[in-house]
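Everything below concerns the one structure shown next.
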Amino acid sequence: MSEAKKMSLTVKVLLGMALGIILGLIINLTGMNAPGTFINEYIVNGLFHVVGKMFVNALKMLVVPLVFFSLICGVCGIGDIRMLGRVGGKSFALYMMTTAIAIATAIIIAVSFGIGKGMNVETNAAFSGKESPPLTQVLIDIIPTNPVKAMAQGDMLPLIFFSILLGISMLLVGRKAKSFVAGAEIANEIMMKMVTIVMAVAPYAVFALIAKSIATLGLDLLYSLAGYVLVLVGALMFHLFITLMIVLKVFSGLSPAMFLKKIRNVQVFAFSTASSNATIPVTMRTVTERFGVNNSVASFTVPFGATINMDGTAIMQGVATVFIANVYNVELGISGYLTVIMMSVLASIGTAGVPGVGLIMLSMVFAQVGLPIEGIGLILGVDRLMDMIRTAVNVSGDATVSSIVAKSEGKLDINVYNDPEAGTMDTDEIGEFDSEVEAEMAEAIQAARDQK
Ligand code: ASP
């Protein structure tokens with residue numbers, strides 16, 4: 001086997017990211033990203049755009065069937081149905097707790113650096129806030145009026161609700177439903193195979209996605225907002241490397257070093273797609289096969305976390321609130337900041353993990369504490385890059401809580417967790433077509449057709 005063939009897919013994805021950053025920077029710094037140039041029109045907004053978007057579509061395509069089948073299997077395979085309530089309760093509490101800690105630390109860090117004070121920033125990027133749904137509506141919408149509609153729209157909470165209820169109903173129907181459960185297990189395996197197929201092109205797609213993002217980044221904006229950007233990235237890193245790792249160690253005793261090593265791949269996908277939702281297939285695969293979390297926990301905690309858990313987004317909201325309050329000379333005081341914390345935690349429940357949703361949540365927070373919504377226009381220009389980074393933190397939080405909950409329920413295989421090689425992605429996993437199997441399948445189809 002040649003050296004190149006031995007390189008794991010994970011390494012190739014990381015390489016794709018590094019090369020994407022380098023090429024993106026070259027295009028950006030040499031001005032080749034100017035509108036009208038060949039590189040900008042045909043490479044950045046042509047080739048890279050198309051390849052990147054096709055890949056993100058492919059990831060999104062996997063999410064609904066994967067969550068649906070794996071949740072049915074998760075519920076039917078849990079062994080003790082009471083565990084379901086405990087997994088739900090613990091993960092909800094941990095998701096809310098980590099989000100609250102995230103935004104509180106962000107506010108403390110931003111206030112102590114006094115970012116935005118005495119700053120005179122001009123903005124011509126207008127921002128008008130959109131409404132985020134009120135909590136009452138979020139609660140009502142957990143129950144789908146039509147499960148097919150929820151699936152078609154990719155609405156995660158109603159999909160989770162329906163799939164769990166379906167699994168519970170199968171258990172209650174009992175032995176008669178066994179073949180249905182077995183069918184769901186096979187469907188789940190088929191979907192995981194599809195994840196592997198899509199992953200095979202990931203290194204190239206990640207390269208394209210990142211090269212495009214970096215090439216089109218407004219670097220001068222980054223300089224003029226350096227204070228905001230540095231404090232925000234610092235707070236995000238603090239949360240990822242310190243807070244989450246302390247939470248992981250204290251609540252589960254698992255090794256933070258192993259966690260950080262294995263989560264890298266998921267972070268790259270989150271970074272390049274800026275969407276926790278689109279990253280669900282990768283998070284799910286990594287958490288189950290690399291961390292050893294049993295599917296009965298992961299099938300619930302991962303999609304649930306992608307929707308309700310947004311530590312990175314909460315951090316952005318904390319830092320942005322302090323920044324804009326300072327720029328506009330508004331004194332928020334302790335009670336103002338407490339409202340910000342509460343609003344961000346609540347807002348994260350009802351909003352899906354998709355690109356840019358953090359800004360919508362921020363406008364809701366601003367409306368509540370009386371900060372000018374148009375102030376968000378100040379940070380708009382750097383938000384795409386910040387979105388990429390905070391999404392990587394969001395998915396890390398999902399994986400942290402999944403591991404803690406699984407460990408506490410005896411649903412984590414510690415040997416898999418501690419094995420650095422366990423579940424590494426490999427294109428070989430796709431397997432090969434077997435002519436014997438193909439002939440058998442064709443026979444089976446024919447037999448079924450011939451049956452009267
Ligand atoms: N893009 C983020 C996510 O998908 C949400 C946000 O902060 O805008 O988790």
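The values are calculated or read from the model by the stated rules, or taken from the named source; none is laboratory data. Note that the structure is predicted; figures quoted are calculated from it, not measured. Positions of Cβ are backbone-derived with ideal geometry, glycine not excepted, and every protein chain shown enters the neighbour counts. Note: areas computed on protein heavy atoms with side chains; ligands, DNA, RNA excluded. Shrake-Rupley method; radii C 1.70, N 1.55, O 1.52, S 1.80 Å.
Here are a few things to note about the model shown:
- For the pair TYR223 and SER335, the difference between a 0.36 nm per residue extended length and the Cα-Cα distance amounts to 37.1 nm.
- Computed over segment 28-187: relative contact order in percent, which uses C-alpha pairs under 8 Å that are six or more apart: 34
- For the pair segment 202-250 and segment 393-452, the centres of their Cα atoms are 31 angstrom apart.
- Net length gained if the chain between ARG175 and PHE38 were fully extended (0.36 nm per residue, minus Cα distance): 43.0 nm
- Estimated 222 nm signal from helices in the chain, with DSSP H stretches of n ≥ 4 weighted -39500 (n - 2.57), rounded to 500: -23000 deg cm²/dmol
- Between ILE430 and VAL50, the contour length at 0.36 nm per residue exceeds the Cα-Cα span by 134.4 nm.
- Inter-label distance for MET83 and ASP413, nm, one decimal - labels placed 7 Å from Cα along Cα-to-Cβ: 1.4
- Hz values of 3J(HN,Hα) by residue in segment 440-445 - Karplus curve (6.51, -1.76, 1.60), Gly and Pro given as x: 4, 4, 4, 4, 4, 5
- Using a cutoff of 8 angstrom between alpha carbon atoms and counting only pairs six or more residues apart, the relative contact order for the chain works out to 30 percent.
- Options SER163, ILE22, ALA270, ranked by Cα towards positive dipole end of the chain, top entry (Cβ charges): SER163
- Net dipole in debye of the chain [+1 Lys, Arg Cβ; -1 Asp, Glu Cβ; about Cα centre; nearest 20]: 700
- With the charge dipole of the chain set up from +1 on Lys and Arg Cβ and -1 on Asp and Glu Cβ about the Cα centre, the Cα lying farthest toward the positive end among the listed residues THR321, LEU219, GLY431 is that of THR321.
- Tilt relative to the chain, helix 311-327 - C-alpha long axis, 0 to 90 degrees, to 10: 10
- Simple point charges give the picture: +1 on the Cβ of Lys and Arg, -1 on the Cβ of Asp and Glu, and for segment 333-452 a dipole about the Cα centre of about 1240 debye.
- Acute angle (nearest 10 degrees) that the helix 9-29 long axis makes with the longest principal axis of the chain, alpha-carbon atoms: 30
- Percent carbon-and-sulfur accessible area, the chain, ignoring ligands, DNA and RNA, probe 1.4 Å: 65
- 3J(HN,Hα) couplings calculated from phi for segment 349-365 with the Karplus curve 6.51 cos²θ - 1.76 cosθ + 1.60 (θ = phi - 60°) are, in sequence order, 5, x, 10, 6, x, 10, x, x, 5, x, 5, 5, 4, 5, 5, 5, 5 Hz; Gly and Pro show x.
- Solvent-accessible area per residue, Å², over the chain with all protein chains present [probe radius 1.4 Å]: 45
- Building the convex hull from the alpha-carbon atoms of segment 307-347 and averaging its projection over directions returns 2.8 nm².
- Exposed GluC sites (Glu not before Pro) absent: longest stretch of the chain, with sites in DSSP loops and at most 14 other Cβ within 10 Å deemed exposed: 132-330
- Angle between the chain longest axis and helix 156-173 axis [Cα atoms, degrees, rounded to 10]: 30
- Couplings 3J(HN,Hα) for segment 184-192, derived from phi with the Karplus relation 6.51 cos²θ - 1.76 cosθ + 1.60 (θ = phi - 60°), are 5, 5, 5, 4, 5, 5, 5, 5, 5 Hz, where x marks Gly and Pro.
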